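Engineer: Next up is a structure, given as structure tokens.
The values are calculated or read from the model by the stated rules, or taken from the named source; none is laboratory data. These figures come from a predicted structure and were not determined experimentally. Counting neighbours? That spans all protein chains shown, and the Cβs are built from the backbone with ideal geometry, glycine included.
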Amino acid sequence: MRQRASRWRVDRRASRRSVPSPSCIGRPLRTIPRHREVITPFDSTHIAFGVVTAAVDHGPWVVEVNSSPSNASTLTFLGGAGTVTGSKYLVRTAGRQLLLDCGLFQGLKPLRLRNWDRPPFDPRAVDAVLLTHAHLDHSGYLPILVRNGFRGPIHCTPATASLLPIVLRDAAHIQEEDTRRANQHGYTKHHPALPLFSAADVEEALPLLQVHDYGERYTAADAFRPQFGRAGHILGFATRSSSTSPTSS
């Protein structure tokens, strides 16, 4: 990867905060992306999206995109910005859309309520999902994504594929039990209260998993060439590097 900072065009007018530079780049990273911010690289050389995300969340994404002004690629922060949960990063390039992680917002109620919002993108238009690991704040939105029309592959490591059924089924069971009790005892303003996602939603999502070993270079969405790298944090956790070209089809 070329360790060179790039110019960025940003689609919002709000002020930006200065942050320390991650050790992975040669020049200072001057800004922290905010929730739903879209960043458009318009340099003709390879650009490291991981330079930006490294300052926001612990998911060490590195996505190199060969971009140009006439065919600019965008990175949209749909979570993991302004908070450490809800990690979702949408990359658009070469007519394709790739979602990096697909997590739930957790913690304070204003954050958790975001999980009930209509997705700020069309799940049916997403070509593939790439997961770093199985924690709910990185994978828990998958049943909702599938319920809303996503039918593409979900790429992950073998250990992540083993953990996801346990984590997602358990989360669905807890939600269904909570809503059952709330409806039974009447301590809810909703009539009826519903789970964020159900066990049936989970079973719809699990068949979409596609497993790749560490170091294996594979094709995602017909435009990306990702590769998993070994890392710590949790079983199956992986760094991710990927390259693509605007001429991909």
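Engineer: Which one of the conditions (1) surrounded by fewer than 23 Cβ atoms within 10 Å (Cβ to Cβ); (2) among the charged types (D, E, K, R); (3) within 17 Å of Cys156 (Cα to Cα) does Lys88 fail to meet, given that it meets all the rest?
Structural biologist: Tallying (1) surrounded by fewer than 23 Cβ atoms within 10 Å (Cβ to Cβ); (2) among the charged types (D, E, K, R); (3) within 17 Å of Cys156 (Cα to Cα), Lys88 fails exactly one: (1).
Engineer: What tally of residues in region 185-240 results from selecting those that are among the β-branched types (Val, Ile, Thr) and modelled with pLDDT of 95 or more?
Structural biologist: Residues in region 185-240 being among the β-branched types (Val, Ile, Thr) and modelled with pLDDT of 95 or more: 2 in total.
Engineer: Taking region 195-244 as the region of interest, how many residues are surrounded by 14 or more Cβ atoms within 10 Å (Cβ to Cβ), over 17 Å from Val129 (Cβ atoms) and among the hydrophobic types (A, V, I, L, M, F, W, C)?
Structural biologist: So the count comes out to 4.
Engineer: Of the conditions (1) in contact with a Leu (Cβ under 7 Å, 6 or more places away or on another chain); (2) touching a residue at least 24 places away in the same chain (Cβ under 8 Å); (3) farther than 19 Å from His233 by Cβ; (4) assigned to a helix (DSSP H, G or I), Arg169 satisfies every one except a single condition; which number is it?
Structural biologist: (1)
Engineer: Which ones in region 194-217 are out of contact with any Phe, Trp or Tyr (no Cβ under 9 Å at 6 or more places or on another chain), of a type outside the set (Lys, Arg) and not in a helix (DSSP H, G or I)?
Structural biologist: Selection gives Leu194, Pro195, Ser198, Leu209, Val211.
Engineer: Checking the conditions here, which among Leu142, Leu100 is under 23 Å from Asp213 (Cα atoms), touching a residue at least 40 places away in the same chain (Cβ under 8 Å) and in contact with a Lys or Arg (Cβ under 8 Å, 6 or more places away or on another chain)?
Structural biologist: Every option except Leu100 fails the conditions.
Engineer: When you scan region 139-154, how many residues do you find that are in a helix (DSSP H, G or I) and either within 17 Å of Gly79 (Cβ to Cβ) or among the β-branched types (Val, Ile, Thr) (or both)?
Structural biologist: Residues flagged as in a helix (DSSP H, G or I) and either within 17 Å of Gly79 (Cβ to Cβ) or among the β-branched types (Val, Ile, Thr) (or both) within region 139-154 amount to 6.
Engineer: Here is a follow-up. Looking at (1) among the polar types (S, T, N, Q); (2) under 13 Å from the mean Cα position of the chain (by Cα); (3) over 22 Å from Leu164 (Cβ atoms), which is the one condition that is false for Thr83?
Structural biologist: With (1) among the polar types (S, T, N, Q); (2) under 13 Å from the mean Cα position of the chain (by Cα); (3) over 22 Å from Leu164 (Cβ atoms) applied to Thr83, the lone miss is (2).
Engineer: Is one or more of the residues making up region 115-134 farther than 21 Å from Phe237 by Cα, touching a Ser or Thr at 6+ places or on another chain (Cβ under 9 Å) and assigned to a loop (DSSP other than H, G, I, E, B)?
Structural biologist: Within region 115-134, one or more residues are farther than 21 Å from Phe237 by Cα, touching a Ser or Thr at 6+ places or on another chain (Cβ under 9 Å) and assigned to a loop (DSSP other than H, G, I, E, B).
Engineer: Would you pick out the residues in region 93-147 that are of a type in the set (Gly, Ala, Ser) and buried (at least 18 other Cβ atoms within 10 Å of the Cβ)?
Structural biologist: Correct list: Ala94, Gly103, Ala128, Ala134, Ser139, Gly140.
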